[in-house]
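The values are calculated or read from the model by the stated rules, or taken from the named source; none is laboratory data. Source: prediction; values computed, not measured. Backbone-built Cβ (ideal geometry, glycine too); neighbour counts: all protein chains shown.
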Amino acid sequence: MRLGKWIAIIFLLSIFAFWVPVMATDQGVASTHDTEHGSTHGAEHAVTETGHGDVHPGSELHGHGDAGHEGHVNLGEVLKLWTCIPFACMLLSIALFPLLAPKFWHHHFGKVSAFWAACLAIPFLIAFKGVAVHEILHIILADYVPFIILLWALYTISGGILLKGTLRGTPIVNTIMILIGTVLASWMGTTGAAMLLIRPFLKANNYRKNRTFMVVFFIFLVANIGGSLTPLGDPPLFLGFLHGVDFLLTMKIIPQIIVKAGLFVVIYFLHE
């Protein structure tokens, strides 16, 4: 019960701390908009008095008319850098709570994530109202849903494939398996490649007592570096592709990826 009270207090303080600056930002945007709106009406009035009704496409009046027609605030230019704090706190919670408070995290990880999300979402909705609702729905429908569908497909299809064999996990065999996974990651996703190879990789090394470092290097190469070449491989690249980034743009960094992956493979092999 005591913990619940503290959570409620922190939640209210966080909302207040984020709400005040966001409201100030919103008022600044509103005053700027009013100023621009006033200048537009002044220009219209001047045009009416002089009797010249023509407005050139490059004129200031024409530009403001377009902005007013769009009627949409670019929140990316309005929001301050500190609005990323709740997201950073969420990531820190995911990283630290399992180590520092594993029982609490196991039972309340969903509540902790919802808490940090609400710390920004509630002031965001209060300050920007309809624009905030539009942006949240746009992110959910245009970014989040396609992203989840991709991960779900990769996880389901690759998780349903079972590779069998009698390989014994020697340093050479393990290195080759990790290299294959690194190459596949950009074409079937880091999730797909990891789900496909982690079980045979662990089975081939089930006679070993210390396998922790092997899994760490597997994550580095197969689940991270290997997916850097296409949007299928890496979630941030996929989101970029949804927003118009060329599918093969990251192919330009193949030399850098080869160097980075090569260094990790050499370090792994020497550690073996």
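What residue, among those in segment 178-189 that are surrounded by 22 or more Cβ atoms within 10 Å (Cβ to Cβ) and closer than 19 Å to residue 268 by Cα, is nearest to the chain's Cα centre (by Cα)?
Once the filter is applied, the top-ranked residue is 185.
State yes or no: is residue 257 at negative phi, part of a helix (DSSP H, G or I), surrounded by fewer than 19 Cβ atoms within 10 Å (Cβ to Cβ) and not polar (S, T, N, Q)?
Taking the combined requirement at face value, the residue satisfies it.
Any idea which residue in segment 145-196 is modelled with the lowest pLDDT, counting only those that are closer than 20 Å to residue 228 by Cβ and among the polar types (S, T, N, Q)?
Looking at residues that are closer than 20 Å to residue 228 by Cβ and among the polar types (S, T, N, Q), I get 158.
With the condition kept exactly as written, say whether any residue in segment 123-133 is within 30 Å of residue 204 (Cα to Cα) and not assigned by TED's automatic domain parsing to the domain that holds residue 188.
No; the residues of segment 123-133 include none that is within 30 Å of residue 204 (Cα to Cα) and not assigned by TED's automatic domain parsing to the domain that holds residue 188.
So that you can scan it fast, the table gives a plain yes or no per residue for (1) free of Cβ contacts under 8 Å to residues at least 60 places away in the same chain; (2) touching a Pro at 6+ places or on another chain (Cβ under 9 Å):
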position	(1), (2)
158	yes, no
163	yes, yes
174	no, no
177	yes, yes
190	yes, yes
217	yes, no
235	no, no
248	yes, no
251	yes, no
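When you go through 121, 185, 142, 223 one by one, which is the residue that is free of Cβ contacts under 8 Å to residues at least 24 places away in the same chain, on the phi < 0 side of the Ramachandran plot, of a type in the set (A, V, I, L, M, F, W, C) and in contact with a helix residue (DSSP H, G or I) (Cβ under 9 Å, 6 or more places away or on another chain)?
It is 121.
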